[in-house]
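Below is one structure, written out as structure tokens, with a few remarks after it.
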Amino acid sequence: MTAELVRGQNHPLSRNRVEIRVSAGAAVLALAVTGDETGRPAGPGALAHPGARVLPGLEVPDRVGDRHRFTVDLDAVGEAVHRVRVLLVLPPGGPARFGAVAAPHVAVAEPEGAELAAYTVTGLDSESALVALELYRRQGAWKVRAVGQGYAGGLGALLADAGLAGPAAEGLTAAALGLTASGDITLAALPGGAAPTLPHGARSPYDAAPGAPEGPAAPAPQPPDPFPATAAPYAGTPGPTPSAGPSSADTVGGPAGATTGAGAVGAAGAAGGPPTIDYAHPRRRRTSAEAPEPAPRPGPAADPGQPPRPVAGDASGWSMDERLYNQVWGMFEDLARTVAAYRGAVDFADSRLDRELDAALSDPAARLGGSANAARDTARARRDDLVAQARAVLDRDLAQLTAEAEVVEPALPPAYARWSAPVWHGRSTPAEAPLALRLGDLSLPERPELRIPMLMRVPLERGLWIDNGRTGSEAAMTMDTDRLRRAAMDMAVAHAVRLLAVHPADALSVHVIDAAGAGAASLAPLVRAGVLAAPPAAGAEGVTRTLERLTRRVDLVQMALRAGAPEDLPPDVDPAEQLLVVHDFPHGFDDRSVTRLRYLADEGPAVGVHLLMVADRDEASAYGPLLDPLWRSLMRLSPVPDHHLADPWVQHAWTFEPDLPPHGSRVLEQALERIAQDRRSARR
């Protein structure tokens, strides 16, 4: 029986040699691109097109047409290939957009046999190139996923989104689209050889996409920088700008392999030498020829026919920390897509039930003859059967993800682990900055007990805003104001302590602005441990002094970097990263201080100055829209469980639950004692 997929849904493949069948309402090019576990191609040679049709394990058609068939041998694609994506492109001289023709249909089938899974790509409009589906490797087994991600900018925009840019990608685009009306190749050579020629009267493929490439059609995934809402839940790389998704949710970021973090401030230079600043992430200081460490192989299946047992670190990466980060990202992505498929199936079943009931009741003869009752019962039974099938698939996928979470959670390093994890009680001084930081947990109502860690890449590329206002969410409105404000400040202190604990000694300096002193109780552990760069700034004078110091640092580092001489910074400039914690904004801020804070939020992350605000937006309403860019630039978090975050694919409203030290535990104080001891040892 063929599995009819909806966008985002996946389906296991029962065999590794399959046939791809394409039917479209117009002549199209059928291409294929291979990628690693994060989906990124190894280079221009990873694209199979009519000018270079053969890749290990697959060979794409050499002509345009409205029907295509080609075979993919997944056993032969190579161990480095984890994804094979099927691309459909409208060539020059035909329809300019998929919205003007019948929806393309793509199926994965047994060679010369029955279809295993099929997907009709609906909802297209101005797109002229699309990723129809992908075959991907997960825990040693292959699956197919319906993608349906379209690009109005054409093949050039698609390749740019995949990570293939520059002259080589331009040559690939021309090579793939340089066809005559009969479908014959007119290329003299592949990219890097003679310039390709286009058929007479055909426009350059680049004419279709002037300027920056347009994004994929909603609700297809935006290129993340992809972990799990304002945060990929991950903010994995530069997080996307907030989008107006359901319930005004922020969008989660992306995988570790997508983009390296900027603004990493290195430690001081050799003893006695001038301070140096290195903005390359420690885990990215590799030569391009160095291969990532291999991921552990999945464990054996518990029973024949069952999926392999999950293994912690079952992802690609340069280190175990990066493999775990990418594995958490994959779990987040899988949960988002499998729930989207279930919800889509339920919506489809409900809409079909409505149509069938309307049809049954619209026939007077059927109503009088009594056959309407039988039609209604049949329609409801069909609906219940479809929902039951979708629920069975969902339960299967959720059970596998739950098993994986049970293996991954105990293996997480301190930067990713919950405060309640045993790893916090046996920690040694880190040698380098972490790859990411845990901000809390994310879950969906279909399985609330399955919680995915929400990780944000370090260095922080966006500031954090902990909302202590009661109007921000329904959960906050049920809390007492004083308790909510204390919870928000406790959450900020926990994040600051975690950042200090997972950085090398003296690699992070923490400044605090608490103009009214209202956060003194929460800040007491930091003050007692002596780990702050200075006592918390109080009053308008303290606010001004702290902001002036950090603004001056941003200006000096920017000038030094532009001059190419970061080692020439004045000796009083701290080369460590800086974290500014602001409590009760805008109390104690005048107009000049507000302007400086906005400047730090915009310019600071690129030069190692990061912002963590605890504030109620309503209290700053007197500034009107002046501060809207500030709030949008920050990742909003809630000190109480709330569903204000969204994923970048289908815009689920994820429930965010902050991670705080257990009540009565001394883990925070013990972490601060170790930090203070490490700093004393480093300064001897």
Index of the failed condition, Glu548 passing every other in (1) within 25 Å of Arg679 (Cα to Cα); (2) at pLDDT 95 or above:
(1)
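Answer with yes or no whether Val407 is open to solvent by less than 60 Å² (accessible area, probe 1.4 Å) and closer than 23 Å to Ser351 by Cβ.
Numbers: open to solvent by less than 60 Å² (accessible area, probe 1.4 Å): yes; closer than 23 Å to Ser351 by Cβ: no.
Considered against the rule, which asks whether it is open to solvent by less than 60 Å² (accessible area, probe 1.4 Å) and closer than 23 Å to Ser351 by Cβ, Val407 comes out as no.
Where in the stretch 1-68 are there strands (runs of 3 or more DSSP E), lying fully within it, with 1 or more residues that are within 26 Å of Leu164 (Cα to Cα) and under 31 Å from the mean Cα position of the chain (by Cα)? Explain how you work it out, then say what you get.
Details: elements: 3-5, 10-12, 17-35.
In the stretch 1-68, 10-12, 17-35 are the strands (runs of 3 or more DSSP E) which contain 1 or more residues that are within 26 Å of Leu164 (Cα to Cα) and under 31 Å from the mean Cα position of the chain (by Cα).
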Inter-residue pairs, beta-carbon under 7 Å, first over 19 Å from His495 (Cα atoms) and in the stretch 403-430, second open to solvent by less than 10 Å² (accessible area, probe 1.4 Å) and not aliphatic (A, V, I, L, M), 6+ apart:
Val408/Gln327; Ala411/Gly313
Give the residues of the stretch 2-15 that are in contact with a Gly (Cβ under 9 Å, 6 or more places away or on another chain) and open to solvent by 10 Å² or more (accessible area, probe 1.4 Å), sorted by residue number.
Val6, Arg7, Gln9
Of (1) farther than 15 Å from Gly8 by Cα; (2) acidic (Asp, Glu); (3) at pLDDT 90 or above, Glu112 fails just (3)
What's the number of the condition Pro641 fails, among (1) out of contact with any strand residue (DSSP E or B) (no Cβ under 8 Å at 6 or more places or on another chain); (2) closer than 21 Å to Leu444 by Cβ; (3) open to solvent by 30 Å² or more (accessible area, probe 1.4 Å)?
(1)
Close pairs from the stretch 128-141: first among the acidic types (Asp, Glu), partner open to solvent by less than 20 Å² (accessible area, probe 1.4 Å) and part of a strand (DSSP E or B), Cβ under 6 Å, at least 6 apart:
Glu134/Arg145; Glu134/Val147
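Could you say which residue among Asp441, Asp482, Asp506 is in a strand (DSSP E or B) and surrounded by fewer than 23 Cβ atoms within 10 Å (Cβ to Cβ)? Give the derivation first.
Numbers: Asp482 fails: in a strand (DSSP E or B); Asp506 fails: in a strand (DSSP E or B).
The unique qualifying residue is Asp441.
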Inside the stretch 61-79, the number of residues satisfying the requirement of being loosely packed, with under 15 Cβ neighbours inside 10 Å and among the small types (Gly, Ala, Ser) is 2
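On the given criteria, is Pro586 farther than 22 Å from His503 by Cα and in contact with an Asp or Glu (Cβ under 8 Å, 6 or more places away or on another chain)?
Numbers: farther than 22 Å from His503 by Cα: yes; in contact with an Asp or Glu (Cβ under 8 Å, 6 or more places away or on another chain): yes.
For Pro586, the condition - farther than 22 Å from His503 by Cα and in contact with an Asp or Glu (Cβ under 8 Å, 6 or more places away or on another chain) - is met.
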Residues in the stretch 67-114 that are aromatic (Phe, Trp, Tyr) and under 19 Å from Arg145 (Cβ atoms): how many?
1
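Out of contact with any Pro (no Cβ under 6 Å at 6 or more places or on another chain), under 25 Å from Leu526 (Cβ atoms) and outside any loop (DSSP other than H, G, I, E, B), is that true of Leu600?
Working: out of contact with any Pro (no Cβ under 6 Å at 6 or more places or on another chain): yes; under 25 Å from Leu526 (Cβ atoms): yes; outside any loop (DSSP other than H, G, I, E, B): yes.
Yes: the conditions hold for Leu600.
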Within the set of pairs 6 or more residues apart or between chains, which connect a residue that is over 13 Å from Ala601 (Cβ atoms) and assigned to a loop (DSSP other than H, G, I, E, B) inside the stretch 625-642 to a residue that is of a type in the set (Ser, Thr, Tyr) and open to solvent by less than 40 Å² (accessible area, probe 1.4 Å) with Cβ atoms less than 8 Å apart?
Ser638/Ser473; Val640/Ser473
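Mind listing whichever residues of the stretch 536-594 are aliphatic (A, V, I, L, M), in a helix (DSSP H, G or I), open to solvent by 10 Å² or more (accessible area, probe 1.4 Å) and closer than 25 Å to Asp616 by Cα?
In the first step, residues of the stretch 536-594 are kept if they are aliphatic (A, V, I, L, M); the result is 537-538, 540, 543, 547, 550, 554, 556-557, 559-561, 563, 565, 569, 573, 576, 579-582, 594.
Still in the running and in a helix (DSSP H, G or I): 540, 543, 547, 550, 554, 556-557, 559-561, 594.
Then drop every residue that is not open to solvent by 10 Å² or more (accessible area, probe 1.4 Å), which leaves 540, 556, 559-561.
Scanning the stretch 536-594 gives a single hit, Ala540.
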Pairs only if they're at least six apart or on different chains, beta carbon under 7 angstrom, first in the stretch 26-37 and within 18 Å of Leu55 (Cα to Cα), second buried (at least 23 other Cβ atoms within 10 Å of the Cβ) and among the polar types (S, T, N, Q); list them, first residue then second.
Glu37/Asn326
Can you find a residue that is within 23 Å of the chain's Cα centre (by Cα), of a type in the set (Ser, Thr, Tyr) and farther than 26 Å from Val667 by Cβ anywhere in the stretch 343-357?
no
Within the stretch 569-585, residues being more than 30 Å from Met489 (Cβ to Cβ) and touching a helix residue (DSSP H, G or I) at 6+ places or on another chain (Cβ under 6 Å) number 1
So which residues in the stretch 644-672 are in contact with a helix residue (DSSP H, G or I) (Cβ under 7 Å, 6 or more places away or on another chain), modelled with pLDDT of 90 or more and open to solvent by 40 Å² or more (accessible area, probe 1.4 Å)?
Leu660, Glu669
When the stretch 80-100 is examined, which residues are found to be open to solvent by less than 60 Å² (accessible area, probe 1.4 Å) and more than 32 Å from the chain's Cα centre (by Cα)?
Pro92, Gly94, Pro95
Suppose we filter Thr429, Thr402 for residues that are open to solvent by 60 Å² or more (accessible area, probe 1.4 Å), hydroxyl-bearing (Ser, Thr, Tyr) and over 18 Å from Gly317 (Cα atoms); which single one remains?
Thr429
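Residue by residue, here is whether (1) at pLDDT 90 or above; (2) assigned to a loop (DSSP other than H, G, I, E, B); (3) surrounded by fewer than 22 Cβ atoms within 10 Å (Cβ to Cβ); (4) β-branched (Val, Ile, Thr) holds:
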residue	(1), (2), (3), (4)
Ala102	no, yes, yes, no
Val108	yes, no, no, yes
Ala117	yes, no, no, no
Thr122	no, yes, yes, yes
Ala132	yes, no, no, no
Gly150	yes, no, no, no
Gly156	no, no, no, no
Asp161	no, no, yes, no
Ala165	no, yes, yes, no
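The values are calculated or read from the model by the stated rules, or taken from the named source; none is laboratory data. It should be emphasised that the depicted structure is a prediction, and the values quoted were computed from it without experimental measurement. Neighbour counts run over all protein chains shown; Cβ positions are idealised from the backbone, glycine included. For the accessible areas, the whole protein counts, side chains as well, though only heavy atoms, and no ligand, DNA or RNA atoms are used. Shrake-Rupley method; radii C 1.70, N 1.55, O 1.52, S 1.80 Å.
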